[in-house]
Amino acid sequence: MKPSIPKGTRDFLPSEVRRRDYIFSVIKKHFRRFGYQPIETPVMENLATLTGKYGEEGDKLLFKVLNNGNFLGKADADALAAKDSDKVLASISKRGLRYDLTVPFARYVVMHQNDLAFPFKRYAIMPVWRADRPQKGRYQEFYQCDADVVGSDSLFYEAELTQLLDGVFHELGLKAVIRLNNRKILAGLAEIAGMADNMMDMTIAIDKLDKIGWDKVAEDLTSRGANAGALQVIKQFLDAKSLDSVAPLLADSEIGKEGIAELQEVFDLIKQSSPLPRGEGFGEGVYNRLEFDVTLARGLNYYTGAIWEVAVDTDAPGQENIKMGSIAGGGRYADLTSIFGMKDMPGVGVSFGAERIYDVLEELDAFPADASEDLQYLIVCLDKETLNHGFGLVSRLRARGVHADLYPKAGKLQKMLKYADQRNAPKVVIIGSREAESGEYSVKTMGTGEQETLREEKL
RNA sequence: GUGAUUGUAGCUCAGUUGGUUAGAGCGCCGGAUUGUGAUUCCGGAGGUCGCCGGUUCGAGACCGGUCUUUCACCCCA
């Protein structure tokens, strides 16, 4: 049979895995730096845990796991006869693959509340699955890197998560633009525009402003039930670029004013407490561009306060041609655990899209050189008699912590050097009868082709 | 889920209005060079033309279906 893998999934070569590990390790380092602790949850959750958490669209994108055994025998016969997939589902599938890391985390917090100290800060770097139609930068299996804190509504966390986002992209050498908004501001807008009942529709429409322009957004809004008065209010709102100019427009909305105050506090905190060296960054207290963006809506239903979205800064030199959606995002959710029976447990978190970050770094050729190199020495032997000597040498080098490998057959040097080249070995130790006798090894540096004679202690 | 798009050697791709034995570059293997890779020269191997069906005397090419790729929606990392 012809080998293949499912749509939207990928295999990774060793060099790719090393570079992915590099991204994960940078992100993990910053998670830990900010006091987040690792947890793990199963790749499968009970389907009931997942359904209804991501909206109607999200439910369609859940991967369902078929029950074991004679699942059709136990299926809802009426629904089956009627070919009603949605209805028959409950009787043939009780598990599903996780769609993100946040909902399983909420479930985890509720189940382990007695073992956790609140505020509880956790991170997780794990794959998630979505039955979406694949595109570039969009896969059915991909990793998310999440940091969340639950059990506090302190705005310090909004500030520190912004610093965390900033720190990761700074270390990765990627210029990013971090956009920040607050759902309460959007709620306030919906209120004064008379669209409080369909705020979701409104935010989805205005989220597309920079992509399709105001005229199309207005069209979209109208089809979603906005009248002329509402359009005017929204237009005026979207034209206000700064927090200061938005604030007066929300003077009549309690929730809107709250959102403004919260965001202002977050920006102030970040600026006042900035650890940046003098002259770094854009004057907002972080390395990357940090902006208030009133058009930022983000899809996930459960966000209630701050929302982030991070994109590649295409104004930065060398990054002009990068076309990629958001590479990180997040937000505050007032109430994610109550559906699992735990009240008053606000949370806030961010998520890094490692796959997209990989694609961007690849396109920018921004991976550090040593991210694709692992082996330090390859040992090659010219004849059978010296092979055992070579195995002794490689064993002693490994015992010292040196990354070393042995070519397992005596063969033509030509072939063995070619193998060393493919293995990306920076140095090759050549053992022939001369070297085995004297203990003076010929060591070739592959990059330059130069060769020197060294004793074992010098390796 | 809707509408497009792609698939030929390990990789990137040619392949004329349907016509003999499907090609190139790179890579791979062997040799020039039995102690020197990445550069040079010579030789060689490698194909179910994504898959299934149809039209035809004849299909890599045309038609239908299906899978996959990419893209726009929807939504999202």
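Since every read-out is calculated from the coordinates, none of them should be taken as a lab result. All values reported here derive from a predicted model rather than from experimental measurement. Please note: Cβ atoms are built from the backbone with ideal geometry, for glycine as well, and neighbour counts cover all protein chains shown.
Calculate the FRET efficiency for A:K74 and A:Q422 from the Cβ-Cβ distance with a Förster distance of 41 Å, rounded to the nearest 0.05.
0.15
What does the C-alpha gyration tensor say about the overall shape of the range A:1-110? Classify as rounded when a/c is under 1.5, otherwise prolate if a/b is larger than b/c, or oblate. Walk me through the numbers before you get to the answer.
Working: a/c = 2.95, a/b = 1.63, b/c = 1.82.
Since a/c reaches 1.5 but b/c is at least a/b, the shape of the range A:1-110 is classed as oblate.
What is the extension gain from A:R10 to A:R400, computed as 0.36 nm multiplied by their sequence separation minus the C-alpha to C-alpha distance, in nm to one decimal? Walk me through the intermediate numbers first.
On the way: separation 390, 0.36 × 390 = 140.40 nm, distance 3.59 nm.
Residue separation times 0.36 nm, minus the Cα-Cα distance, leaves 136.8 nm.
Roughly speaking, what is the stretch gain from A:R278 to A:A90, that is 0.36 nm per residue apart minus the C-alpha to C-alpha distance, in nm to one decimal?
Working: separation 188, 0.36 × 188 = 67.68 nm, distance 5.91 nm.
Between A:R278 and A:A90, full extension yields an extra 61.8 nm.
Using Cα pairs closer than 8 Å and at least 6 residues apart in sequence, work out the relative contact order for chain A, in percent. Kindly include the intermediate steps, with their values, before the conclusion.
On the way: 764 pairs, mean separation 67.9, N = 459.
Averaging sequence separation for qualifying contacts and normalising by length gives 15 percent for chain A.
Could you calculate the contour length gain from A:K83 to A:I204, that is, 0.36 nm times the residue separation minus the distance between their Cα atoms, to one decimal place in nm?
On the way: separation 121, 0.36 × 121 = 43.56 nm, distance 3.28 nm.
Working it through step by step, the gained length comes to 40.3 nm.
What percentages, rounded to whole numbers, describe P(r) for chain A computed over all alpha carbon pairs with 10 Å bin width beginning at zero?
4, 16, 22, 22, 15, 10, 7, 3, 1, 0
For the range A:374-458, give the share of DSSP beta bridges that are antiparallel, in percent and rounded to the nearest 5; count only bridges with both residues there.
Values: 8 of 16 bridges.
For the range A:374-458, the DSSP antiparallel bridge percentage is about 50.
Roughly what would the spin-label model give for A:E440 and A:D383, points 7 Å off Cα along C-beta, in nm?
Result: 1.9 nm between the two label points.
With Cβ to Cβ distances under 9 Å as the rule, what net charge do the other residues near A:Y358 carry (K, R +1; D, E -1)?
Details: positive: A:R19, A:R20, A:R356; negative: A:E16, A:E355, A:D359, A:E362.
That works out to -1.
Quick one: Karplus J couplings for the range A:17-26, per residue in order, coefficients 6.51, -1.76, 1.60, θ = phi - 60°, nearest Hz, x for Gly and Pro?
Whole-Hz 3J(HN,Hα) from phi for the range A:17-26: 4, 4, 6, 5, 4, 4, 4, 4, 5, 5.
So which chymotrypsin sites (Phe, Trp or Tyr not before Pro) in the range A:220-290 pass both tests, a DSSP loop state and at most 16 other Cβ atoms within 10 Å of the Cβ?
Values: sites: A:F237, A:F267, A:F282, A:Y287; in loops: A:F282, A:Y287.
Listed in order of number, the matching sites are A:F282.
Treating only the Cβ of Lys, Arg, Asp and Glu as charged (+1, +1, -1, -1), what charge dipole size does the range A:374-458 show about its Cα centre? Round to the nearest 20 debye. Intermediate results must be reported in sequence, preceding the final value.
On the way: 14 positive and 12 negative charges, 53 e Å.
Computed charge dipole of the range A:374-458: roughly 260 debye.
What value does the range A:292-355 have for Rg/Rh, both radii from Cα atoms and Rh as Kirkwood defines it?
Values: Rg = 15.0 Å, Rh = 13.6 Å.
That ratio is 1.11, to two decimals.
Label-point separation (nm) for A:A240 and A:N301, each offset 7 Å from Cα along Cα-to-Cβ?
3.0
Name the lysines eligible as straight-distance cross-link partners of A:K94: C-alpha to C-alpha under 27 Å, and not fewer than 8 places from it in the same chain.
Once the sequence-local lysines are set aside, what remains near A:K94 is A:K7, A:K53, A:K60, A:K64, A:K74, A:K83, A:K343.
How large is the charge dipole for chain A, taken about the Cα centre, if only the Cβ atoms of Lys, Arg (+1) and Asp, Glu (-1) carry charge, to the nearest 20 debye?
On the way: 59 positive and 68 negative charges, 374 e Å.
Roughly 1800 debye, rounded to the nearest 20.
Using θ = phi - 60° and the Karplus form 6.51 cos²θ - 1.76 cosθ + 1.60, what ³J(HN,Hα) does each residue of the range A:349-358 get, whole Hz, x for Gly and Pro?
Karplus values, whole Hz, x for Gly and Pro: x, 10, 9, 9, x, 4, 5, 6, 4, 4.
Among the lysines, select those whose C-alpha is under 22 Å from the C-alpha of A:K412, and discard any that sit fewer than 8 residues away in the same chain.
Those lysines meeting the cut-off are A:K384, A:K427, A:K444.
Quote the FRET efficiency, to the nearest 0.05, computed for A:A117 versus A:E57 with a Förster distance R0 of 30 Å and r equal to the Cβ-Cβ distance. Before the final figure, lay out the partial values.
Numbers: r = 36 Å, r/R0 = 1.20.
FRET efficiency, A:A117 to A:E57: 0.25.
Residues with beta-carbon under 9 Å from that of A:E158, excluding A:E158: net charge, scoring Lys, Arg +1 and Asp, Glu -1?
On the way: positive: A:R332; negative: A:E160, A:E262, A:E265.
So the environment of A:E158 carries a net charge of -2.
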